[in-house]
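The values are calculated or read from the model by the stated rules, or taken from the named source; none is laboratory data. Every value quoted in this text rests on a predicted model; they were computed, and no experiment measured them. Because the Cβ atoms are built from the backbone with ideal geometry, glycine has one as well, and the counts that use them run over all protein chains shown. The area values use the complete protein model at the heavy-atom level, side chains included, leaving out ligands, DNA and RNA. Shrake-Rupley method; radii C 1.70, N 1.55, O 1.52, S 1.80 Å.
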Amino acid sequence: MAAKPDLRIVLCSPRGFCAGVVRAIDTVERALAIYGAPVYVRHEIVHNKYVVDGLKKKGAIFVEELAEIPDNTNAPVVFSAHGVPKSVPAEAQSRNFFSLDATCPLVTKVHREAAIHFKRGREILLIGHSHHPEVVGTLGQLPPGAVTLIETAEDAETFAPKDPNNLAFVTQTTLSIDDTADIVAILKVRFANISGPHKEDICYATTNRQLAVKKVAPVVDALIVVGAPNSSNSQRQRAGDIDWERFEGIRSLGITAGASAPEVIVEEIMGAFAERYQLHVETVSAAEENEFFPLPRSVRPDAA
């Protein structure tokens, strides 16, 4: 039997689940443990099929709209980590649903910033990707027309404000740092008095994972990002998705995982490479993470 070729694996750190994702998944898990199945979840709790399928097996039912949930249910209804328009909790309340808000606190921070700008009479720009649930949720915090979506540098160049001296911007939390910086730079050059966040809207986890990739990418022959195609901050999914022809002849491989991707998939991918290569594993760290977000009060262990 021929010896396996050597392959240097460089793991990015941090990678995988962030505090907001852990909080969201734990909210569903705790609701199932306390109240039993079913637990309804509006939209995928996080953008990862592995996670969603695992929760489905335990009794979670995922819906895109509350209209899919039967009337008179006593089952908990969880709002996903991405946040929801104000109309959603209002509808839940009108139908007497027991709702649990698993919105990431960093997304809630953006919602509050937008509300403050609106209260102060500013025209608001939201830098983000249209149709992403986080953006839909942020746009839905305020009346139609109060927020203009800026997706590209071209949008920033061509945007025509009502009053160039009365503008503010917020951003989606899971964007590319570099792309967002380019857009913000254009806005600041065009509108010197534009108000921005006191603290960066792009979340710590997105920032840290991108910094780790920037450190690893230049020193490896290829890099795999574990995640889901509909996730804003990752792209590859499972070991079965690997196109082995693309990795022929490589001697080093970087691996990272988006903030909604579980470590078990990283291990699965490393296992697939271990069948073909003799692995030599090292880790490159860009930041330490110790953030923790408490669960919604009604599903905290001390509330059960």
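Structural remarks
- Beta carbons closer than 6 Å, at least 6 apart along the sequence or on distinct chains, pair a first residue in the stretch 68-95 that is under 19 Å from residue 55 (Cα atoms) with a second that is of a type in the set (Phe, Trp, Tyr) for 69/40; 75/40; 76/35; 76/98; 77/40; 77/97.
- Qualifying residue in the stretch 170-179 (condition: surrounded by fewer than 17 Cβ atoms within 10 Å (Cβ to Cβ) and out of contact with any helix residue (DSSP H, G or I) (no Cβ under 9 Å at 6 or more places or on another chain)): no
- For the stretch 256-300, filtered to residues that are in a loop (DSSP other than H, G, I, E, B) and basic (Lys, Arg), the residue that is most open to solvent (accessible area, probe 1.4 Å) is 276.
- Selection status of residue 83, surrounded by 22 or more Cβ atoms within 10 Å (Cβ to Cβ) and not hydroxyl-bearing (Ser, Thr, Tyr): yes
- Candidates in the stretch 184-209 are the residues that are part of a helix (DSSP H, G or I) and hydrophobic (A, V, I, L, M, F, W, C); of these, the one that is most open to solvent (accessible area, probe 1.4 Å) is 189.
- The residues of the stretch 215-255 that are open to solvent by less than 70 Å² (accessible area, probe 1.4 Å), modelled with pLDDT of 95 or more and in a loop (DSSP other than H, G, I, E, B), listed by number, are 220, 250.
- Members of the stretch 1-29 that are over 28 Å from residue 219 (Cβ atoms) and part of a loop (DSSP other than H, G, I, E, B): 1
- Some residue of the stretch 129-146 being surrounded by 20 or more Cβ atoms within 10 Å (Cβ to Cβ) and farther than 24 Å from residue 40 by Cβ: no
- Failed criterion for residue 54 (all others in (1) open to solvent by 10 Å² or more (accessible area, probe 1.4 Å); (2) within 30 Å of residue 212 (Cβ to Cβ); (3) touching a residue at least 12 places away in the same chain (Cβ under 8 Å) hold): (3)
- Hits in the stretch 37-69 (condition: in a loop (DSSP other than H, G, I, E, B) and among the β-branched types (Val, Ile, Thr)): 45, 46, 69
- Of the residues screened, residue 212 is not one that is at pLDDT below 95, surrounded by 21 or more Cβ atoms within 10 Å (Cβ to Cβ) and under 24 Å from residue 50 (Cβ atoms).
- Checking 124, 69 one by one, the residue that is modelled with pLDDT of 95 or more, open to solvent by less than 60 Å² (accessible area, probe 1.4 Å) and under 22 Å from residue 156 (Cβ atoms) is 124 and no other.
- So residue 32, is it aliphatic (A, V, I, L, M), touching a helix residue (DSSP H, G or I) at 6+ places or on another chain (Cβ under 7 Å), assigned to a helix (DSSP H, G or I) and open to solvent by less than 30 Å² (accessible area, probe 1.4 Å): yes
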